[in-house]
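I have placed the structure first, in the form of structure tokens, so that the comments after it can refer back to it.
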């Protein structure tokens with residue numbers, strides 16, 4: 001059994017050998033060039049392309065830091081562990097490896113308010129030359145001489161988690177699925193095959209080759225310009241061309257289809273598929289269409305936004321439907337799960353519950369799985385000689401200083417601007433620290449989409465340094481390029497404070513790395529440093545109650561947090577550090593992987609079982625045989641399944657109701673039958689409409705009351721005091737929604753409350769309000785024994801201490817005790833949603849063997865019964881089938 005781990009980027013990429021200089025259009029070697037001339041040209045090219053790593057806010061003494069791509073190291077080897085957080089988008093412009101450039105042509109322009117610019121073109125904006133100048137000569141590459149390297153881009157946390165799961169024996173056979181992280185149009189077919197073969201045989205990887213034009217449309221234009229900003233609450237400020245949206249969406253679909261075809265061609269029965277992140281949101285449903293029996297999980301590593309944000313996306317419906325092709329959807333926090341549920345209700349009008357999203361064929365669970373880091377791997381990386389060397393350099397450079405560090409994306413959601421403004425406020429409010437504190441801010445993943453933001457950040461940095469610097473001290477070091485992970489580990493080991501001020505983020509595992517680096521076990525005097533963490537990161541969800549959770553928009557709060565961290569006693573620091581280590585130890589990389597895969601298999605088994613036992617329609621021949629063979633029959637029918645007027649809450653009997661009434665009399669006249677009618681209505685309401693039938697029993701208010709056949713007295717199964725703890729609070733919540741839903745009403749019963757919206761003026765809005773009410777009560781009930789059930793036109797809040805199944809169980813026992821005969825047929829019919837507890841109870845009875853023959857019939861073709869009931873189309877069909885049973889007629893098929 002193979003686990004296919006699908007992510008946009010493989011953990012591996014290709015480094016080609018440079019063999020010459022390109023002056024024309026080709027990227028690969030001309031064998032006619034003399035070797036000596038090639039070597040001389042390459043040496044000159046290397047000198048010309050050395051990057052300038054200093055930002056304008058840094059002085060010469062800050063050359064201690066080098067960009068991540070400056071030197072090749074052991075971390076480039078394919079089996080080397082990946083950095084936890086990777087902020088570099090180097091597709092098509094790698095400075096670390098020799099790789100071909102993109103051959104994609106320019107797509108449509110994005111904003112209708114801007115003139116054409118290189119931003120709207122291909123990834124050429126990442127190259128280091130002025131478009132007005134002739135293109136600089138570039139290295140020619142050998143298509144026959146290349147090596148596999150550890151990829152720069154991609155999800156390092158995911159790679160480390162899968163590797164940890166393999167070491168722990170959680171995953172035994174895995175295959176990575178993804179792209180090479182570089183343009184591939186220039187590769188010859190033979191080169192592609194050779195690369196794919198080596199990756200498959202030596203690195204357990206399935207390379208997916210996507211054309212340069214398709215990849216850029218997918219990644220740079222749809223993922224980076226549309227999805228990523230929306231998921232981080234950064235909506236576009238100017239409208240985009242429809243042509244641009246159509247282009248980027250088309251390429252997004254195309255890439256997902258290429259992935260689906262690649263996986264489907266390799267998949268075998270028993271294999272599992274685990275899809276990762278927003279780049280592949282359509283892939284679950286595409287694979288479901290190709291592989292209906294496959295086990296598919298999806299995990300979103302980034303934040304999931306509010307439905308108010310998600311609904312602004314043009315492709316919102318297709319994206320959600322794509323995700324719902326998975327057997328299980330995992331998100332980082334409970335907040336993101338809530339947003340996803342609400343989005344499904346609002347956009348696709350689907351029912352949701354704590355169990356998941358209700359689809360016609362199954363319930364898809366949506367659960368919380370906070371990812372973590374591999375603690376053993378982090379500890380081993382800290383012991384690398386290169387890290388220790390950097391520790392010594394940094395300690396020497398900042399001797400006598402209190403060091404604060406930060407590493408963020410240079411985009412709006414990264415929160416760099418807010419951090420610098422908070423730091424400026426700190427220096428102004430606490431002048432005693434001005435000559436002693438240094439903030440090292442690493443700003444990575446530069447994009448031209450954020451030139452205005454970069455300008456603002458640059459101005460703030462220059463203002464801070466110009467105002468608070470001295471001849472011997474500079475309070476801020478702003479590095480506008482990423483640094484190597486070894487340098488970052490060294491920084492985290494010697495820093496006193498690590499500051500994360502993201503405006504919206506996933507888990508941000510860099511904070512986890514910092515906590516590990518502060519254990520004081522690596523021969524470093526610095527220990528138990530403080531993590532200042534934005535409350536808008538996913539990591540904040542597992543650190544509830546931590547002293548240094550901050551609102552990055554509150555500059556005073558952040559400034560005060562910096563000061564508190566600096567003046568805090570060693571005992572307080574240790575206490576806070578232990579708090580974090582305890583929380584993070586519960587959410588390690590291997591625990592995350594194990595819990596998700598276990599939940600995925602469990603969801604798959606449940607859904608497969610439901611599909612195996614699902615009967616599309618009622619088989620009247622088989623049921624009639626059981627009916628005629630039985631001597632004692634226990635029949636329970638839900639009132640709305642027999643009386644259509646109750647579905648719209650009408651008081652007057654209709655022609656269809658009289659037909660149902662006649663059918664009940666017919667059934668109850670058979671001495672072999674014990675017939676009960678179950679309802680959410682009160683005893684008084686049932687008596688006024690159906691009390692004339694004394695030969696049947698009644699279950700009222702969903703199990704709170706029971707009246708046996710032939711009896712006039714009602715038995716109360718729930719005490720009046722059992723609802724006092726929740727009735728008042730629920731009523732206030734219902735009043736809130738009633739005030740906002742014209743035409744809605746609240747109905748009070750003995751042991752339940754009903755929010756009715758069948759007569760609402762705006763049905764679409766009322767449906768949305770009812771769904772929100774249902775979700776709000778179910779998600780906030782805690783340990784209170786209640787549940788909210790949304791039916792057609794109503795939301796019923798009832799006690800879970802008794803249900804219609806509880807009352808049915810009592811009735812069954814009394815039948816058995818009075819007649820000393822156990823019924824040999826249990827027949828239940830009702831609306832799929834209203835009678836779910838009865839269906840589940842019937843399944844339990846059948847499984848335990850207490851009744852030989854059990855038949856469950858759902859009178860609703862639009863709602864799926866999770867208990868696996870058979871279905872009939874409507875009330876008329878049910879009555880016809882019951883008539884067939886009662887008469888023994890063979891006219892029904």
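Since every read-out is calculated from the coordinates, none of them should be taken as a lab result. As the structure is a prediction and not an experimental result, all values here were calculated from the model. Don't worry about glycine lacking a Cβ; one is built from the backbone with ideal geometry, like all the others, and counts go over all protein chains shown.
Net length available on complete extension from residue 792 to residue 376 is 144.4 nm, with 0.36 nm assigned per residue and the Cα-Cα distance removed.
Projected label points at residue 203 and residue 846, each 7 Å from Cα along the beta carbon direction, are separated by 5.2 nanometres. Cβ-Cβ distance of residue 168 and residue 521, R₀ of 25 Å, FRET efficiency by 1/(1 + (r/R0)^6): the value works out to about 0.65. Computed on the Cα trace of the range 285-398, the radius of gyration divided by the Kirkwood hydrodynamic radius gives Rg/Rh = 1.22.
Each principal axis of the Cα cloud of the range 278-323 was taken in turn, and the coordinate range along them, longest first, works out to 34, 21, 14 Å.
With a simple spin-label model that places each label point 7 Å from the Cα along the Cα-to-Cβ direction, the separation between residue 556 and residue 402 comes to 2.1 nm.
Taking every C-alpha pair closer than 8 Å and separated by at least 6 residues, the mean separation divided by the residue count of the range 527-635 gives a relative contact order of 22 percent.
Computed across the range 376-587, the Kirkwood hydrodynamic radius from all distinct Cα-Cα pairs reaches 17.3 Å. By the beta-carbon count within 10 Å of each Cβ, the least crowded to most crowded order of 739, 747, fewest first, is 739, 747. You can think of it this way: the chain between residue 725 and residue 821 has 30.5 nm of extra reach, that is 0.36 nm per residue less the Cα-Cα gap. For residue 361 and residue 453, what is the calculated FRET efficiency with R₀ set at 45 Å and r taken between the beta-carbons, to the nearest 0.05? Given R0 = 45 Å and the Cβ-Cβ separation, E is 0.50.
Shape summary: the range 722-799 maps onto an equivalent ellipsoid whose semi-axes, from the alpha-carbon gyration tensor, are 20, 12, 10 Å in decreasing order.
Multiplying the residue separation of residue 762 and residue 693 by 0.36 nm and removing their Cα-Cα distance gives an extension gain of 21.0 nm. With all pairs of separate Cα atoms included, the range 347-407 yields a Kirkwood hydrodynamic radius of 16.8 Å. Calculated on the alpha-carbon coordinates, the convex hull of the range 484-609 measures out at 132 cubic angstrom per residue. Among 172, 731, 512, sorting on how many other beta-carbon atoms sit within 10 Å of each Cβ, with the fewest leading, yields 172, 731, 512.
Using Cα-Cα distances under 8 Å and only pairs 6 or more residues apart, what relative contact order does the range 722-799 have, in percent?
Once normalised by length, the contact order is 28 percent.
Computed from label points 7 Å out along Cα-Cβ, the spacing between residue 435 and residue 188 is 6.8 nm. Annotation: peptides 147-159, 714-726, 381-393, ranked by per-residue average of other Cβ atoms within 10 Å with the highest first, follow the order 147-159, 381-393, 714-726. Taking other Cβ atoms within 10 Å as a rough exposure proxy, 435, 452, 513 sort from fewest to most as 452, 435, 513. Which FRET efficiency, nearest 0.05, do residue 466 and residue 585 yield, Cβ-Cβ r, R0 56 Å? Efficiency computed from Cβ-Cβ geometry: 0.80.
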